[in-house]
Amino acid sequence: MRELLHTQLLLVFFLVSSLDIQAQKIRIDEAYADREAKKIYIPYEIKESSKYQNLYKIAISYTQDKGKTYKGPLEKVTGDVGLDVEPGEKLIIWDYAEEDSTFNGENVVFKLAIVSKLDPRYLGGPENALYSLLLPGLGNTKVRPPAKKWYLSTVGVFSLIGTGIYVRAKSNQTLDEYRQSTSIADAQELFDKSNNQKTASGILFVTAGAVWLTDIIQVAIKGFKNKKAAQKMEPLPDMPQKAKPELGLHLDQFRNQTLWGISLKF
């Protein structure tokens, strides 16, 4: 015999992904109990409103004193609870008699703790490091979306390069002044200044290269982790093939020349 539990269901969100709470819509239906089976059924639904698919870690606890104390996370539960719960209509089944023989259901309020993470099956692999080879930070949009501020890496790297070019030009200008100097003291000062400017420009170039290379490596590492995690999961049915970047030699049919570059393979 099923009996509706006229009880409020609370939600507590601990989002660990880069998405905010607006990316998901959570609907909780009325919980009900089966006194004969000594089980409580808690239906709920997770709707994705973002193009980035998530997996969820679901834990449930309850209170009978208006939230002063909670018991849980509950262990004698089955259904859509625990790790890697996908979006959709879900159901948690709690064997309350096995969990707590003294449970009477009086004034019970359940609390769902939901932790979300991006589904690795929808994330890019290590080949997306080639995007960061084109533009620093761009590969992050593939392996850890949405990466809304990926362009900051591009701005930072090219600012360093631009500043380095400017300082190197000033070094050459100072060197020309040194060559035209007629005073030994002025010549030495200009020579030292030119060397210092040249050294500073070299540091800027090296720093830009290090930041760029670090971004490429980080994207590759994250891509490998995504790929490894996805391989441990069930493949998605009818999942559309994504364009993948490839680096290599390509034949230009119009010029009949072999070119080195990056292409997208569908």
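The values are calculated or read from the model by the stated rules, or taken from the named source; none is laboratory data. Small disclaimer: the values here were computed from a predicted structure and weren't measured. Cβ sites come from the backbone with ideal geometry, for glycine too, and all protein chains shown count toward neighbours.
Could you tell me which residue of segment 114-138 is surrounded by the most Cβ atoms within 10 Å (Cβ to Cβ), considering only residues that are assigned to a helix (DSSP H, G or I) and of a type in the set (A, V, I, L, M)? Quick ask: steps written out before the conclusion?
Residues of segment 114-138 assigned to a helix (DSSP H, G or I): 120-122, 126-134.
Adding the requirement that they be of a type in the set (A, V, I, L, M) leaves 129-130, 133-134.
Working: A129: 25, L130: 21, L133: 18, L134: 11.
Filtering segment 114-138 for residues that are assigned to a helix (DSSP H, G or I) and of a type in the set (A, V, I, L, M), the one surrounded by the most Cβ atoms within 10 Å (Cβ to Cβ) comes out as A129.
Okay, residues lined up against (1) outside any helix (DSSP H, G or I); (2) over 30 Å from G124 (Cα atoms); (3) modelled with pLDDT under 95; (4) out of contact with any Ser or Thr (no Cβ under 6 Å at 6 or more places or on another chain):
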position: G156; (1), (2), (3), (4): no, no, no, yes
position: R179; (1), (2), (3), (4): no, yes, yes, yes
position: A187; (1), (2), (3), (4): no, yes, yes, no
position: L204; (1), (2), (3), (4): no, yes, no, no
position: K242; (1), (2), (3), (4): yes, no, yes, yes
position: G248; (1), (2), (3), (4): yes, no, yes, yes
position: F254; (1), (2), (3), (4): yes, yes, yes, yes
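Filter segment 144-164 for residues that are out of contact with any Asp or Glu (no Cβ under 9 Å at 6 or more places or on another chain), of a type in the set (G, A, S) and surrounded by 19 or more Cβ atoms within 10 Å (Cβ to Cβ) and give the result.
If the condition is that a residue be out of contact with any Asp or Glu (no Cβ under 9 Å at 6 or more places or on another chain), of a type in the set (G, A, S) and surrounded by 19 or more Cβ atoms within 10 Å (Cβ to Cβ), then G164 is the only one that fits.
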